[in-house]
1. Angle check, please: helix 80-90 long axis (alpha carbons) against the longest principal axis of the chain (alpha carbons), in degrees 0 to 90, nearest 10.
2. Given the chain, what count of lysine pairs have C-alpha atoms under 30 Å apart, with each pair 8 or more places apart or on different chains?
3. So what are the ³J(HN,Hα) numbers for the stretch 179-192, from phi and the Karplus equation (6.51, -1.76, 1.60; θ = phi - 60°), rounded to whole Hz, Gly and Pro as x?
4. Given H placed on each backbone N at 1.01 Å, which residues far from ALA174 in sequence or on other chains put an amide H within less than 5 Å of it?
5. Using the Cα gyration tensor of the stretch 3-150, with a ≥ b ≥ c the square roots of its eigenvalues, what is the shape: rounded (a/c below 1.5), prolate (a/b larger than b/c) or oblate (neither)?
6. What FRET efficiency comes out for ALA131 versus GLU82 if R0 is 25 angstrom and r is the Cβ-Cβ distance? Round to the nearest 0.05.
7. Take VAL212 and ALA41, extend 7 Å from each Cα along the Cα→Cβ direction, and tell me the distance between the two endpoints in nm.
8. Need one number: nm distance between label points at HIS150 and THR205, each 7 Å from Cα along Cα→Cβ, rounded to one decimal.
Amino acid sequence: MSEDILVKREDGVVEIRFNRPAKKNALTNAMYGIAADALEAAQKDAETKAILFTAEGDMFTAGNDLSDFAAIATGGEPRHVERFLRAIATAEKPLIAAVTGNGVGVGATMLLHCDIVIMAEEARLSTPFTALGLTPEAASSLLLPARIGHARAFMMLALGQPMSGTEAAQAGLATEAAPREEVEARARKLAREVCLRPAEAMRITKKLLRDVEAIGARMQVEGAHFNDRLRSPEARAAFEAFFKR
Ligand code: COA
């Protein structure tokens, strides 16, 4: 199970690699737990200057594991995902994402907490929340319209319209788009640049750029709706339909 997500630190960069390609890197509770632990440790570790998210296989991540969602819908409790979301929302060190393949659900919304997002030109981000009977999470209802405007955010969050890496870079959702095989190297290069800057100036700059209080408050409001929706008949039907395909 722990092999599903790999964590290592090299030259001041903690790398969190989604490594469950057979399941399209869908994120289980255990994977969120490992990622949250890594983020919390990185926050306390003076040697860590940046955190890099990346993934194995053809997808960045297919989002939350739908069996875990289904388990919550029938009475189980969400656990580490909330700690993971809090950790990316409150991270004081730059978060960098190398998005080599498609990102679905949290695979898209987590990028709104990343300071540098390098995306494969043809990779697609999608947030099919309403189709699953769900609502936006990870403060995406606040952060996505702030990044790309209400019109495009509505098409993504309410209608699940995907956005390519090229479009994401044009819209300001990604830092830049690159050919898939260059994405990780480009992200690493920028991570190295971050490491070379004075850490305290970097910390304050990031803090000034993000209204962490407003983000936390929106996450709480969204979380209440989301947890309620997870248990709704609409969501149960959608999860069942996915596994009966
Ligand atoms: N949760 C659990 N398992 C998932 C998953 C998820 N979110 N996404 C993919 N998988 C599993 C599939 O069940 C399948 O498992 P199997 O081989 O044991 O049957 C395996 O990963 C491969 O997925 P598959 O659907 O066959 O690949 P695909 O290339 O045809 O489609 C996706 C890829 C991502 C488009 C499709 O899997 C999908 O829509 N996943 C759900 C995404 C989602 O709704 N995420 C939650 C957002 S809130």
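1. Value to nearest ten degrees: 40.
2. Within the chain, the lysine pair count is 28.
3. Those phi angles translate into x, 3, 6, 9, 4, 5, 5, 5, 5, 5, 4, 5, 4, 5 Hz.
4. ALA169
5. Working: a/c = 1.39, a/b = 1.24, b/c = 1.13.
Because its axes are fairly even, with a/c under 1.5, the stretch 3-150 counts as rounded.
6. Numbers: r = 23 Å, r/R0 = 0.92.
That pair, ALA131 with GLU82, gives E of 0.60.
7. 2.1
8. 3.3
FYI, it's all coordinate maths here, none of it is from the lab. These figures come from a predicted structure and were not determined experimentally. Backbone-built Cβ (ideal geometry, glycine too); neighbour counts: all protein chains shown.
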